[in-house]
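Derivation of every value follows stated rules applied to the coordinates shown; laboratory data play no part. The structure displayed is predicted, hence computed values, not measured ones. Neighbour counts are summed over all protein chains in view; Cβ atoms, including those assigned to glycine, are modelled from backbone coordinates with ideal geometry.
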Amino acid sequence: MEILELIQANLLTPIILFFLFGIVAARIKSDLKIPEAISEFLPIYLLAAIGLHGGIEMRNTGFENMLIPMFVAIGLSLLFTLNHYQILRRLGKFNLFDSYALASTYGAVGAVHFSVGLSFLKNQGVSSEGYIAAILAVLEPLAFILAIFMTNMAVAKQIKAKKQSFSDDAAEIDIGLNQTKTKLSKVLHESITGKAIVILLGSIVIGYIIGKDGFEPIKIVFDDMFTGAIVIFMIEMGIIAGQRLDDIKKVGVFLTAFAIIIPLFNGTIGVLVSTALGLSVGGAVMFGLLMASASFIAAPAVLRHAIPQAKPSLYITSALGITFPFNIIVTLPILFAISTFVHNGEGAIDLFYFITEGF
Amino acid sequence: MKLYNVKLLTITCEILAQENIIEILKKHEITGYTTYEVDGNGARGLRGQGLKNEKNIKVEVIMREEKLQDVVEEISRTLFANYAIVLYVTDVGVLRPEKF
């Protein structure tokens with residue numbers, strides 16, 4: 001019952017209400033829209049606020065205990081991506097390209113999810129470990145790199161198999177492999193120097209340097225206005241999601257189910273694993289949310305170049321139109337309830353039992 | 001006033017294909033082009049709403065006829081299958097042909 005109450009309470013927060021309002025505005029074909037400059041500015045602002053917040057927290061708690069959670073997060077993210085691929089390819093019967101594109105979209109992390117999560121925790125009066133912002137930065141390009149690597153390997157293999165049936169000419173395989181290398185290094189370079197990671201890492205470093213005292217003069221912009229800024233961004237997200245509502249029919253039943261079950265499953269695993277690693281109630285929620293989130297701002301930009309054969313209408317629509325609303329309305333309170341539950345009362349042995357069962 | 005005949009290649013495509021096109025132009029040693037963001041409707045539905053990544057872009061390039069064939073061939077071979085893209089060629093007159 002407690003979970004239902006939490007979901008209900010979450011539904012009536014300004015963030016969710018404005019998101020739903022955006023959807024309604026798009027459905028009634030209103031010409032309401034957030035000016036382009038602002039909707040481009042807000043992700044940068046949100047990432048800067050996340051980074052500053054993380055950097056300041058890291059100064060307080062130190063970052064020597066961040067390495068293990070980070071490596072675990074990397075491992076989980078890669079594992080989930082491969083798992084998604086198997087599910088989509090074998091059960092969903094999607095083609096190779098769509099499968100990898102979708103797998104990485106759901107293996108990747110979403111900064112908007114993260115912002116909503118932070119504001120949700122703030123609302124609940126719970127804090128989280130600052131280094132999770134650093135994990136966000138590290139995870140950002142990871143799933144894509146894996147998916148692009150796997151796709152190119154698969155394509156190279158196909159070319160090889162085809163070639164061998166005709167002749168033993170290896171020239172084209174080399175071309176394929178070389179293309180893979182240039183593609184990967186390009187994606188790596190573009191993601192690391194991309195605006196999202198640069199602003200996030202830059203703000204973490206600056207937050208770490210300035211600490212709580214240095215943050216005081218800019219607190220009004222980067223802390224007090226944070227939730228308000230998300231609300232404005234949510235109108236835009238709602239409008240875009242609303243415009244895509246018709247496309248959901250094209251996504252199909254399988255992908256719709258996938259877009260709901262997978263985040264819930266990944267998120268739960270994330271909460272349990274991070275709790276076992278000793279993260280706080282809020283930290284485990286954020287860790288779980290990272291695992292649950294799907295990328296819809298970074299994904300199209302990366303995947304359209306790296307796996308152009310994949311249909312963007314599939315991965316954008318499912319991530320933005322289904323998973324994002326579901327996550328911020330339902331998954332987030334559930335993860336919070338699970339995290340609270342495993343942090344209170346339950347002993348460590350039970351906890352590990354949960355985890356082994358989950359795997 | 002003497003006008004020299006060259007070709008104007010106009011490409012309307014999704015914004016995420018812009019980089020590929022510029023790369024192809026570069027490969028054929030064409031460095032001059034003009035781009036602008038546009039909205040529109042087409043085979044892939046209404047474009048230009050919402051996320052910036054879903055906008056369309058228009059690329060205009062003036063080139064000599066000798067190069068045109070290769071450029072168009074490469075664009076159609078590498079981009080037509082996977083991207084929202086339309087291209088067309090027109091005859092234009094320029095004053096300084098040595099620029100192209």
Calculated on alpha-carbon atoms, Rg and Dmax of region B:4-91 in Å = 12.9, 42
Rounded tilt (10° steps) of B:18-27 against the dominant C-alpha axis of chain B = 30
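By the scheme Lys and Arg +1, Asp and Glu -1, what is the net charge of all other residues having a beta-carbon under 15 Å from that of residue A:36?
-2
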For region A:66-151, which semi-axes, largest first and in whole Å, follow from the square roots of 5 times the eigenvalues of its Cα gyration tensor?
-> 28, 14, 10
Residue A:64-residue A:223 FRET efficiency (beta carbon distance; Förster radius 45 Å; 0.05 resolution) = 0.95
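What FRET efficiency comes out for the pair residue B:60/residue A:344, r = Cβ-Cβ distance, R0 = 45 Å, nearest 0.05?
It comes out at approximately 0.10.
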Residue A:183: which aspartates and glutamates have alpha carbons under 15 Å from its alpha carbon, excluding same-chain residues fewer than 8 sequence positions away?
-> A:174, B:19, B:23
Could you pull out every one of the aspartates and glutamates with an alpha carbon less than 20 Å from that of residue A:212, ignoring same-chain neighbours closer than 8 positions?
-> A:57, A:64, A:129, A:223, A:224
Taking all pairs of distinct Cα atoms, average 1/r, flip it, and tell me the Kirkwood hydrodynamic radius of region A:2-358 in Å to one decimal place.
-> 21.0
With the contact rule set at Cα under 8 Å and sequence spacing of 6 or more, what percent relative contact order holds for chain A?
-> 31
Listing A:27, A:304, A:89 from the residue with the fewest other Cβ atoms within 10 Å to the one with the most, what is the order?
-> A:27, A:89, A:304
Going 7 Å from the Cα of residue A:158 in the Cα-to-Cβ direction, what parts of region A:96-112 have a backbone nitrogen less than 12 Å from that spot?
-> A:96-100
Note to self, the protein assembly as shown gives a 222 nm [θ] from helices alone (DSSP H runs n ≥ 4, -39500 (n - 2.57) apiece, / all residues, nearest 500) of -21000 deg cm²/dmol
Nearest 10 degrees, 0 to 90: what angle lies between the long axis of helix A:226-243 and the longest principal axis of chain A (Cα atoms)?
-> 40
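Residue A:212 to residue A:232: FRET efficiency via 1/(1 + (r/R0)^6), r the Cβ-Cβ distance, R0 30 Å, to the nearest 0.05?
0.65
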